[in-house]
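Student: The structure under discussion is supplied below as structure tokens; questions concerning it will follow.
Values in this text are rule-based calculations from the coordinates and carry no lab data. All of these numbers come straight from a predicted model, not from anything done at the bench. So basically every Cβ, Gly included, is an ideal-geometry build from the backbone, and we count neighbours across all protein chains shown.
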Amino acid sequence: MTEGKQWAVIDRIVDGSWAVLVFEEGQRQLTVPVGKLPQGSREGMWLAVRLKDGELAEAELDLVKTEEVKARIQLKRARLLERMRQRQQGGT
Amino acid sequence: MRTRLLALVLALLVLASAAGSALARGELAVHYIDVGQGEAVLLQGPGFTILIDAGNIGGREVVDYLTRLEVEAIDLLVVTHPHADHIGQAAEVLRRFPVREVWMSGYEHYTRTFEELLDAVLDSDADYFEPRAGDKRSYGELELQVLNPPTGNLSRNMHETCLMLRAVYGQIAFLFTGDAEQRTEKALVGWGLPLQAHILQLGHHGSRTSSALEFLLAVDPDLAIYSAGACNDYGHPHEEVLTRLSILGIPVYGTDLYGTIIVRTDGETYSLAAEQKGRLGETEIQGCVDLNSASWEELQLIIHIGPDRACQIMEQRETRPFRSVDELQSRISGIGPKRLADIKAQGVACVKEVNHD
């Protein structure tokens, strides 16, 4: 049965052969052959996917979502570094 | 066969003898926690607790293990790299235990798992540091030496940015490699960093991507430990790595087979313990190892049958039972005429008559 569209991120490529996807909902993981990923896929990119009988049926890169998450991650790491800079300067 | 079986039993006796003893004063215990297909190592010594990586998402093994050991606080949480099988339970660790400091490489991964980890660090009071090769930190008698990544811009390849650590306690050294691959291993050898270690944690769960020969020669370990889940999707640990270690005479222990593995040292000598006393040691082989009924551990008593091929045999017999040992050649990858001849000459593998009751 084909399921509705979901979002998943390419958490890692293992041994150059397998891609581990982590779904946005529930942190479920799915391991698929890298050949099933869209052209240009890299670790850390988000995909809009459809599953059929638990297998990956469709996958499309979602570069907008990837950029959104990237911006949030960059901001949060910058806040951590800034917090440390302030502590080292004797601030709070 | 007798020699190999004896060696295994002896190893397990050594493991069992040290298991369960309390953390003595002046002793460092390094716990390679069984987190399935992931990684988490706990270092507990006099006055310090350090956690290197925190298992896979979807599990609770790390928090459960720390709770069982009555860990009250963590001085340092090291995140070797942001893949989910290394940071999966890190946010929960930060929520459940006071963590004084967190180390990461600085590589930004655009996953929810990594974002939750950053949120948890921000919500905690932990210090944050991105160390580089050459940095050192002492915790009592323990010295942590950072081997990777080098200073300068981080590589775009996450595994090349892995935090790699050498931990030295008295005369005993441990190497923690994360998922560093052969390219990084060879670079470290080239830079001439101190790599020698008594206990080597094999890179990338024993994958062929790691454990280059020149790196193994430079580390020159007494023994190697890997963390992997039984019958994982990737065939870790890979046969090439196990063969390389075997040729070098380096014994290897995996969490898939032994459960949580604990190395204890007073800085002069060390002992090895396994939380599960070794399922092999409790198994009596009744004449031969039946391809259709033997456990995953028993199957590995057969020559040329390692963790991955044992899984293949178990999958194949679900589809159709083996009718003869000869079928290994046609049904199991990597078993050709030469290896089949070795297996038959060893005489351990058999196919018992199927009982039609």
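Student: Checking a compactness column here: for the stretch B:289-350, what do you get for Rg(Cα) / (2.2 N^0.38 Å), N being the number of residues?
Tutor: 0.95
Student: Going by amide H atoms built from the backbone, whose H comes under 5 Å of the H on B:Ser207, apart from near neighbours?
Tutor: Sorted by chain and number, the residues that satisfy this are B:His238.
Student: Could I ask something else about it? Need the list of lysines near B:Lys136 for cross-linking: C-alpha distance under 28 angstrom, and skip anything on the same chain fewer than eight residues off.
Tutor: Cα-Cα hits under 28 Å: A:Lys76, B:Lys186.
Student: At a 4.7 angstrom Cβ threshold, list every cysteine in chain B that has nobody to pair with, or say none.
Tutor: B:Cys162
Student: Related question: Between the alpha-carbon centers of the stretch B:178-252 and the stretch A:1-67, tell me the distance in whole angstrom.
Tutor: Using only Cα atoms, the two centres lie 30 Å from each other.
Student: Counting trypsin sites (Lys or Arg not before Pro) as exposed when in a DSSP loop with at most 11 other beta carbons within 10 Å, what is the longest stretch of chain B free of them?
Tutor: B:157-322
Student: For the stretch B:24-274, state the semi-axes of the equivalent ellipsoid (square roots of 5 times the eigenvalues of the alpha-carbon gyration tensor), sorted largest first and rounded to whole angstrom.
Tutor: Semi-axes from the Cα gyration tensor: 24, 21, 19 Å.
Student: Once the piece of chain linking B:Ala345 and B:Ser293 is laid out straight, how much longer is it, given 0.36 nm per residue of separation minus the C-alpha distance between them?
Tutor: This chain segment gains 16.6 nm when fully extended.
Student: Ranking B:His204, B:His198 by Cβ neighbours within 10 Å, fewest first, what do you get?
Tutor: So the residues, fewest neighbours to most, are B:His198, B:His204.
Student: How large is the dipole of the stretch B:289-350 about the Cα centre if only Lys and Arg carry +1 and Asp and Glu carry -1, each at its Cβ, rounded to the nearest 20 debye?
Tutor: 260
Student: Further, regarding this structure: Can you show me the helix-derived [θ] at 222 nm for chain B, built from DSSP H runs with n ≥ 4 at -39,500 (n - 2.57) apiece and divided by the number of residues, rounded to the nearest 500.
Tutor: -8500 deg cm²/dmol
Student: What's the longest uninterrupted piece of chain A once you rule out the GluC sites (Glu not before Pro) that are loop residues per DSSP with at most 16 other Cβ within 10 Å?
Tutor: A:26-92
Student: Follow-up question, since we're still on this one. Roughly how big is chain B's charge dipole about its Cα centre, with Cβ charges of +1 (Lys, Arg) and -1 (Asp, Glu), in debye to the nearest 20?
Tutor: Charge dipole of chain B: 1040 debye, to the nearest 20.
Student: Hey, with R₀ at 30 Å, roughly what FRET efficiency would A:Leu75 and B:Asp64 work out to, going by the Cβ-Cβ distance, to 0.05?
Tutor: That gives a FRET efficiency of 0.35.
Student: Also, I was wondering about something else. What is the order of B:Met158, B:Met164, fewest Cβ neighbours within 10 Å to most?
Tutor: B:Met158, B:Met164
Student: If each residue's Cβ is checked for other Cβ atoms within 10 Å, how do B:Ser211, B:Ser105, B:Ser333, B:Ser293 rank with the fewest at the top?
Tutor: Ordered by Cβ neighbours within 10 Å, fewest first: B:Ser333, B:Ser293, B:Ser105, B:Ser211.
Student: Something else: What net charge is computed for the residues neighbouring B:Val263, neighbours being all others with C-beta under 12 Å from the C-beta of B:Val263, Lys and Arg scored +1, Asp and Glu -1?
Tutor: Net charge in that neighbourhood comes out at -2.
Student: Of the DSSP beta bridges with both residues in the protein assembly as shown, give the percent that are antiparallel, rounding to the nearest 5.
Tutor: About 75 percent, rounded to the nearest 5.
Student: Give the longest segment of chain B that steers clear of GluC sites (Glu not before Pro) in DSSP loops with at most 12 neighbouring Cβ atoms within 10 Å, not counting the sites themselves.
Tutor: The longest uninterrupted stretch comes out as B:73-267.
Student: How much of the pair distance distribution for the stretch A:1-85 lies past 14 Å, counting alpha-carbon pairs only, in percent?
Tutor: Counting every Cα pair in the stretch A:1-85, those more than 14 Å apart make up 65 percent.
Student: Restricting everything to alpha-carbon atoms, can you work out Rg to Rh for the stretch B:145-212 with a Kirkwood hydrodynamic radius?
Tutor: So for the stretch B:145-212, dividing Rg by the Kirkwood Rh gives 0.95.
Student: Let me ask you something else. Return the average number of partner chain Cβ atoms within 10 angstrom of each residue Cβ along peptide B:221-234.
Tutor: Other-chain Cβ atoms within 10 Å of each residue's Cβ, averaged: 1.
Student: Can you give the convex hull volume of the alpha carbon atoms of the protein assembly as shown per residue, in Å³?
Tutor: So the per-residue hull volume is 165 Å³.
Student: Given a cut-off of under 8 Å on Cα pairs at least six residues apart, what relative contact order in percent is computed for the stretch B:66-210?
Tutor: Relative contact order for the stretch B:66-210 comes out at 18 percent.
Student: So for the stretch B:72-217, what percent of the C-alpha to C-alpha distances run longer than 18 Å?
Tutor: 56
Student: From the phi angles alone, apply the Karplus equation (6.51, -1.76, 1.60; θ = phi - 60°) to the stretch B:210-220 and give each ³J(HN,Hα) in whole Hz, x where the residue is Gly or Pro.
Tutor: Per-residue couplings from phi come out as 10, 6, 4, 4, 5, 5, 4, 5, 6, 6, 6 Hz.
Student: Could you pull out every one of the lysines with an alpha carbon less than 24 Å from that of A:Lys52, ignoring same-chain neighbours closer than 8 positions?
Tutor: Straight-distance partners of A:Lys52: A:Lys5, A:Lys36, A:Lys65.
Student: OK, next. Hey, got the average number of other protein chain Cβ atoms within 10 angstrom for residues in A:40-51?
Tutor: Mean partner-chain Cβ count within 10 Å for A:40-51: 2.
Student: Estimate the FRET efficiency between A:Arg28 and B:Ala73 by the formula 1/(1 + (r/R0)^6), using the beta-carbon distance for r and 30 Å for R0, to the nearest 0.05.
Tutor: 0.40
Student: Percent of Cα-Cα pairs more than 21 Å apart in the stretch B:93-178, please.
Tutor: So the pairs more than 21 Å apart make up 39 percent of the total in the stretch B:93-178.
Student: Between B:Leu195, B:Ile33, B:Val71, whose Cα lies farthest towards the positive end of the dipole of the stretch B:24-274 when Lys and Arg beta carbons carry +1 and Asp and Glu beta carbons carry -1, centred on the Cα centre?
Tutor: Positive-end residue among those listed: B:Leu195.
Student: Calculate how many DSSP beta bridges within chain B are antiparallel, expressed in % of all such bridges and rounded to the nearest 5.
Tutor: 65
Student: Right, another one. May I ask you to derive the relative contact order of chain B, considering only C-alpha pairs under 8 Å and at least 6 residues apart, and to give it as an integer percent?
Tutor: Contact order relative to length: 15 percent.
Student: Specify the angular offset, from 0 to 90 degrees and rounded to the nearest 10, of the alpha carbon long axis of helix A:63-88 from the longest principal axis of the alpha carbons in chain A.
Tutor: Its long axis makes an angle of about 20 degrees.
Student: To continue, here is another question. Given a Förster distance of 45 angstrom, what is the FRET efficiency for B:Thr319 paired with A:Gln89, based on the Cβ-Cβ distance and rounded to 0.05?
Tutor: Efficiency for this residue pair is about 0.10.
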